[in-house]
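Structure, as structure tokens:
Rule-based calculations on the coordinates, nothing more; no lab input. Worth saying up front: this structure is predicted, and the values here are computed from it rather than measured. When we count neighbours, we look across all protein chains shown, and the Cβ atoms used for this are built from the backbone with ideal geometry, even at glycine.
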Amino acid sequence: MKLDPRAKMVMALCLSGLALVYNSPLHLLLLLAVTVALLLSFRFELSAIGSYLKPFLSLMLFLFLIQCLFSPSGRVLLAVGTLPLVTTGGLLTGAGVVLRIVVVTAAAMLLATFSSRDFILGLVQWKVPYELAFMVFIALRFLPVFRDELVNVVTAVQLRGVDLKKVPWGQKIAMYSRLLFPVIYGAMLKAQRLAVSMESRGFRVYPRRTYLRRLNFRFVDYMVMLVFPVITIMLIVLQVS
Amino acid sequence: METVMVRGLNYRYHPGGPLVLKDISFQVAGGEMVAVTGLSGCGKSTLCFCISGAARHNRDGVMSGDVLLNGKDTRELRAAELALEVGMVFQDPETQLFSPTVEDEIAFAPENLCLPTAQIRERVDHALDLLGIAALREANPYKLSGGEKHLVALAAVLALDPPVLLLDEVMSQLDRAGKKRVAAALQRLRDMGKAVIAVEHNLEAVSFADRLLVMEKGTLLCDEPTASFLADRVFLNTRGLL
Ligand SMILES: Nc1ncnc2c1ncn2[C@@H]1O[C@H](COP(=O)(O)OP(=O)(O)OP(=O)(O)O)[C@@H](O)[C@H]1O
Ligand SMILES: [Mg+2]
């Protein structure tokens with residue numbers, strides 16, 4: 001299915017909005033199903049979600065355990081003395097928190113189903129100042145580069161025979177902050193050079209600019225942008241009341 | 001009037017730092033191409049930064065002397081206004097490509113100039129054809145080879161269509177066919193009346209330049225017609241340029 005990027009932005013906004021309102025795993029699972037179905041209809045490679053979530057796996061596990069332990073309710077499944085450790089209510093809350101992260105990530109993936117050029121066009125045609133649109137675009141564009149560089153630095157350290165797993169936490173933090181510095185410095189240098197290059201090609205020479213392409217709404221786009229917000233607001237009202 | 005006029009140019013990267021450019025003066029007319037050569041670290045890229053106005057982004061940099069483009073003092077032009085006078089292909093292609101496709105990259109400059117869509121398309125097609133990279137149109141610039149990136153960066157500047165072109169070692173990573181195409185493109189631009197300044201290590205690649213400037217440790221060693229220069233192999237040899 002082909003949709004205007006702006007329609008997809010609205011979709012992503014609605015879905016993540018709902019994910020923040022819902023608490024129960026059942027609702028969130030339904031939401032996830034809808035999101036995944038949409039992603040599939042845009043021919044999105046689902047495995048990419050996994051690779052995005054992977055770094056947050058331990059954080060998600062941590063959140064799950066915290067919720068399990070500190071929001072006990074319902075039937076006690078496991079207890080130490082009189083202290084309930086695992087409860088049905090705690091498990092559900094924990095699952096809800098984790099699912100919420102998954103849904104928001106999956107919804108954000110909707111934005112990855114169109115090219116960054118369309119992203120700029122979408123924002124600009126929505127009267128967002130083009131400088132701002134480009135700023136967001138450049139940030140998104142270089143985030144993966146930044147990540148790769150960080151990985152490179154860590155690999156370089158490991159190649160020198162330092163086993164990061166064996167370094168104690170205190171030292172590890174000190175080490176990472178020392179490693180981070182050159183990466184951030186490098187990124188800033190790169191950003192500055194990029195700015196010079198963009199300006200030397202006339203970026204911001206006029207308050208306005210033209211575009212090689214133009215996005216045009218079709219009927220489905222209008223439908224999506226009408227139906228999604230209406231349903232979302234209705235569901236939120238239902239949930240809150 | 002000379003299109004590019006450099007008069008008594010001095011530059012240091014920091015106040016109190018070493019003089020990277022020392023009293024450089026030369027001129028380039030429209031319809032003329034000069035090649036700039038010299039050993040690594042002699043200041044070729046710095047010279048390009050000064051002429052293109054990119055040097056002023058370095059807040060610590062100290063520049064004295066004049067750079068006039070079409071009679072306009074570069075110090076009096078806004079950064080973006082400079083883009084109307086001069087286009088530069090930087091030595092490192094990595095930091096000048098950012099668009100999702102080659103086509104978008106090349107369209108960037110004419111889009112900034114507020115050209116109508118048809119003209120943007122025309123410029124993109126023309127630049128792609130001129131450098132023989134039409135096949136890369138939909139490619140992601142980030143994933144191209146070093147030589148291809150240079151070609152795309154050059155195409156992106158050609159689409160700006162400035163009266164002065166600065167190329168910092170654009171040909172170094174190109175294969176023979178690529179060099180030939182760039183050379184043909186530069187000759188055509190010269191014939192169209194542009195002033196072209198090409199920094200190049202490999203003198204064979206720019207043997208068609210009208211004049212050759214040799215730099216050494218920040219100074220301009222000589223500025224002579226290319227033909228007489230290339231004949232003087234003894235000089236080239238003693239300077240380590242062959
Ligand atoms: N950002 C900078 N800060 C301080 N010094 C610099 C900076 N960039 C270059 N230099 C110094 O200025 C001198 C000239 O450098 P430049 O890059 O202009 O040389 P080049 O002739 O282009 O060399 P190459 O052929 O290797 O590209 C060098 O000694 C270099 O160390
Ligand atoms: Mg250089």
Under the 7 Å Cα-to-Cβ spin-label approximation, A:Met135 and B:Arg233 lie apart by a distance in nanometres of 5.9
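Quick one: order B:Val34, A:Val86, A:Val80 by neighbouring beta-carbon count within 10 Å, fewest to most. List each step's numbers first, then the result.
Details: B:Val34 22, A:Val86 16, A:Val80 7.
In increasing order of surrounding Cβ atoms, one gets A:Val80, A:Val86, B:Val34.
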Before anything else, pin down the relative contact order of chain A: Cα pairs under 8 Å, at least 6 apart, normalised by residue count, whole percent. 29
For region A:150-240, compute Rh as the Kirkwood radius over C-alpha pairs and then the Stokes-Einstein diffusion coefficient at 25 °C and 0.890 mPa s; write the answer in µm²/s, rounded to an integer. 127
May I ask which residue of A:Pro84, A:Leu123, A:Leu53 lies farthest towards the positive end of the charge dipole of region A:1-141, with charges of +1 (Lys, Arg) and -1 (Asp, Glu) on Cβ and the Cα centre as origin? A:Leu123
Which lysines, on any chain, are close to A:Lys190 with Cα under 17 Å apart, when same-chain ones fewer than 8 places away are left out? B:Lys149
Pick from A:Ser177, A:Ser71, A:Ser24: which is most flexible by mean-square fluctuation in a GNM of chain A where alpha carbon atoms under 10 Å apart are linked? A:Ser177
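Residue by residue through B:112-119, how many Cβ atoms from other chains fall within 10 Å of the Cβ on average? Don't skip to the answer; put the middle values down first.
On the way: counts 12, 6, 7, 3, 1, 5, 0, 1.
What the average comes to for B:112-119 is 4.
Could you list, in their original order, any pairs among B:Lys22/B:Lys180; A:Lys54/A:Lys172; A:Lys165/B:Lys143; A:Lys166/B:Lys143; B:Lys194/B:Lys217; B:Lys44/B:Lys180 whose Cα atoms are separated by more than 30 Å?
Numbers: B:Lys22/B:Lys180 34 Å; A:Lys54/A:Lys172 21 Å; A:Lys165/B:Lys143 33 Å; A:Lys166/B:Lys143 36 Å; B:Lys194/B:Lys217 28 Å; B:Lys44/B:Lys180 23 Å.
Among B:Lys22/B:Lys180; A:Lys54/A:Lys172; A:Lys165/B:Lys143; A:Lys166/B:Lys143; B:Lys194/B:Lys217; B:Lys44/B:Lys180, the Cα-Cα distance tops 30 Å for B:Lys22/B:Lys180; A:Lys165/B:Lys143; A:Lys166/B:Lys143.
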Checking A:Leu59, A:Leu140, A:Leu189 against a Gaussian network model of chain A (alpha-carbon springs below 10 Å), the top fluctuating residue turns out to be A:Leu189
Note down the nm distance, to one decimal, between modelled labels 7 Å out along Cα→Cβ at A:Ile184 and at B:Gln173. 2.9
Taking 56 Å as R0, compute the FRET efficiency from the Cβ-Cβ separation of A:Arg160 and A:Arg204 and round it to 0.05. 0.80
For chain B, averaging the sequence separation of alpha carbon pairs under 8 Å that lie six or more residues apart and dividing by its residue count, the contact order in percent is 28
Short version: ³J(HN,Hα) in whole Hz for each residue of region B:62-77, in order, from phi by Karplus 6.51 cos²θ - 1.76 cosθ + 1.60 (θ = phi - 60°), x for Gly and Pro, what are they? 10, 10, 10, x, 10, 10, 10, 10, 6, x, 9, 6, 4, 6, 9, 9
Approximate shape of the protein assembly as shown as ellipsoid semi-axes (Cα gyration tensor, √5λ), whole Å, largest first: 54, 28, 19
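Quick one: grab the alpha carbon gyration tensor of region A:84-241, order the square roots of its eigenvalues as a ≥ b ≥ c, and give me rounded if a/c is under 1.5, else prolate or oblate depending on whether a/b is larger than b/c.
On the way: a/c = 3.15, a/b = 1.08, b/c = 2.92.
Taking the square roots of the gyration eigenvalues as a ≥ b ≥ c, region A:84-241 is oblate.
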Neighbour counts of other C-beta atoms within 10 Å: give me A:Ile236, B:Ile51 arranged from fewest to most. A:Ile236, B:Ile51
Can you tell me the mean projection area, over all orientations, of the convex hull of region B:4-238's alpha carbons? Units nm², please. 12.5
Computed over chain B: longest principal axis from alpha-carbon atoms vs helix B:117-130 long axis, angle to nearest 10 degrees, is 60
Using alpha carbons only, how many angstrom separate the centre of region B:173-216 from the centre of region B:75-107? 19
Picking from B:Cys42, B:Cys114, B:Cys50, which is most flexible by a Gaussian network model of chain B using Cα springs under 10 Å? B:Cys114
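Only Cα pairs under 8 Å and at least 6 apart count here; give the relative contact order of region B:193-242 as a rounded whole percent.
Numbers: 35 pairs, mean separation 13.2, N = 50.
Relative contact order here is 26 percent.
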Region A:115-140 and region A:68-94: distance between their alpha carbon centers, rounded to Å: 47
Work out which helices of chain A, taken as complete DSSP H runs, extend at least 15 Å along their axis over the Cα atoms and score a mean Kyte-Doolittle of -0.5 or more, then list them. A:5-21, A:25-41, A:57-70, A:88-109, A:130-159, A:169-200, A:219-240
If you line up the long axis of helix B:102-112 against the longest principal axis of chain B, both from Cα atoms, how many degrees apart are they, to the nearest 10? 80
